[in-house]
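The values are calculated or read from the model by the stated rules, or taken from the named source; none is laboratory data. Just so it is clear, the structure is predicted and the values come from calculations on it, not from any experiment. Please note: Cβ atoms are built from the backbone with ideal geometry, for glycine as well, and neighbour counts cover all protein chains shown. Surface areas here come from the heavy atoms of the whole protein model, side chains and all, with no ligands, DNA or RNA. Shrake-Rupley method; radii C 1.70, N 1.55, O 1.52, S 1.80 Å.
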Amino acid sequence: MALLDGSLVGKVALVTGASRGLGAAIAGRLAMEGAAVAVSARTLDPDPRYAGTLQDTVLAIEKIGGTAKAFQSDLSKSDQRQALVADVTRELGPIDILVNNAAVTFFYPLQDFPLKRLDLMLEVQVRAPFELTQLVLPGMYERGGGVILNISSRAAEHPGQPPYDPVFTKGFTAYGACKAALERLTTAIAAEGYEHGVRANTLAPLDNVATPGAGAHDLVSDFALEDPSVIAEAALALVEGELTGLNALSQTLVAELGRTPQPLPEGLVTT
Ligand code: NAP
C-alpha cells in the first residue's frame, strides 16, 4: 500500500492554503504516498462563512491511514510565517517539501484597484512564498535536498497583442502580476538551489478547478473545468521526480509523464 511504501515515506511536507481547494487536494495526494503533511491556513475549525477547514483535511487524510497535522497561520504576517516553519519543524521534523499554494485574490480594473488589497495579495502570493522558502532553504541545503512547489495560474501568461481575450481585460492584472513574480521567483530558486540538490517548479491548472475560491469569484460558469485530482497528480509528479525550473501546466504534465490521476481521499473540501 502506497501509504506504507510510497515514494514520500519519511518525508515532511508543508502545504499552505490546505483548508480547502487545491491545497487540500495536493495535501491529500502527498499523504497518500506516505508523507507526513503539515496543513496550514487560517481556518482551523468550522466557520459558517467558509467551506472547508484544516480539521476537514486532517480528518480526511487520517481516515485513509495517513499522517497530517494542522498549523493555523495567517500568511499575510511575517511573524506567523516564521512561527509556522518553526512549529512544523519542531512537531513533524525538518521540512523536505514546501508547497506554496495559499492565495487571496481580488479582481478590479487597474484604475480602481485598492492598493491595500494589492498589498495583501503581494504579501500572501509573493512575500509569503519568498520568506517561507528562505526559512526552509538552510535546512534543505544542509541536508543536500528539498523541493519547492509554487502554485501559479495561467493568469501569469502575457496578454500578447490585440485583439485581447476578455480574460485579460477583466481585472486579472494584479493577479497576473503576482503569479508572474512567483514564476520568476521559482526559476531563480531552482537555479540557486541546483548545486545544493534543491528543486523548484511552479504548477498551474490548465483549466480552472471549481474550488470554493474559484466559485466565489465566478471563475467557474464560463470556463472549462478540470478535476482537482489532476493538479494533485501533477503536484506529486513534480515533488517526487527529478524535474526542476519548470513552469508546468497540470493536464499537460500529467499527459507528458503518462500518469493517471488517482482518486483523492473522501472528505477533502476541494470544490
Ligand atoms: P481557495 O479555494 O480560495 O483556497 C485558498 C486557500 O488559501 C485556502 O485554504 C485559504 O485558507 C488560504 N489562504 C487565503 N488567505 C490566506 C492567508 N492570509 N493566510 C493563510 N492562508 C490563506 O483557492 P484555490 O482555487 O484552491 O486556489 C489555490 C491556488 O491555486 C492559488 O494559488 C490560486 O491562485 C491557484 N489557482 C487556482 C485556480 C482554480 O481554478 N481554482 C486556477 C489557477 C490558479 P483560509 O481562508 O482558511 O486561510
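Quick notes on this structure:
- Checked against the criterion of being free of Cβ contacts under 8 Å to residues at least 40 places away in the same chain, under 21 Å from residue 268 (Cβ atoms) and within 9 Å of the ligand (Cβ to nearest atom), the candidates 155, 216 yield just one match: 216.
- Helices (runs of 4 or more DSSP H) contained in the range 12-104 and holding at least 2 residues within 14 Å of residue 270 (Cβ to Cβ) and more than 9 Å from the ligand (Cβ to nearest atom): 21-32, 54-63
- So residue 136, is it within 11 Å of the ligand (Cβ to nearest atom), under 22 Å from the mean Cα position of the chain (by Cα) and touching a residue at least 60 places away in the same chain (Cβ under 8 Å): no
- Scanning the range 235-271 for residues that are surrounded by 19 or more Cβ atoms within 10 Å (Cβ to Cβ), touching a Gly at 6+ places or on another chain (Cβ under 9 Å) and over 24 Å from residue 219 (Cα atoms) yields 244, 265.
Every residue, every condition in (1) outside any helix (DSSP H, G or I); (2) surrounded by fewer than 16 Cβ atoms within 10 Å (Cβ to Cβ), yes or no:
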| site | (1), (2) |
| --- | --- |
| 180 | no, no |
| 185 | no, no |
| 190 | no, no |
| 195 | no, yes |
| 203 | yes, no |
| 210 | yes, no |
| 218 | yes, yes |
| 223 | yes, yes |
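- Among the criteria (1) open to solvent by 40 Å² or more (accessible area, probe 1.4 Å); (2) modelled with pLDDT under 95; (3) of a type outside the set (Phe, Trp, Tyr); (4) within 14 Å of the ligand (Cβ to nearest atom), the one residue 165 does not fulfil is (4).
- Which listed residue, of 84, 75, 30, is open to solvent by 10 Å² or more (accessible area, probe 1.4 Å) and in contact with a strand residue (DSSP E or B) (Cβ under 7 Å, 6 or more places away or on another chain): 75
- Among the criteria (1) open to solvent by less than 50 Å² (accessible area, probe 1.4 Å); (2) modelled with pLDDT of 95 or more; (3) away from the ligand (no atom under 14 Å from the Cβ); (4) out of contact with any helix residue (DSSP H, G or I) (no Cβ under 8 Å at 6 or more places or on another chain), the one residue 160 does not fulfil is (2).
- Test: residue in the range 192-207 that is more than 16 Å from the ligand (Cβ to nearest atom) and closer than 27 Å to residue 119 by Cβ: yes
- Residue in the range 113-130 that is touching a residue at least 12 places away in the same chain (Cβ under 8 Å), assigned to a helix (DSSP H, G or I), aromatic (Phe, Trp, Tyr) and more than 14 Å from the ligand (Cβ to nearest atom) present: yes
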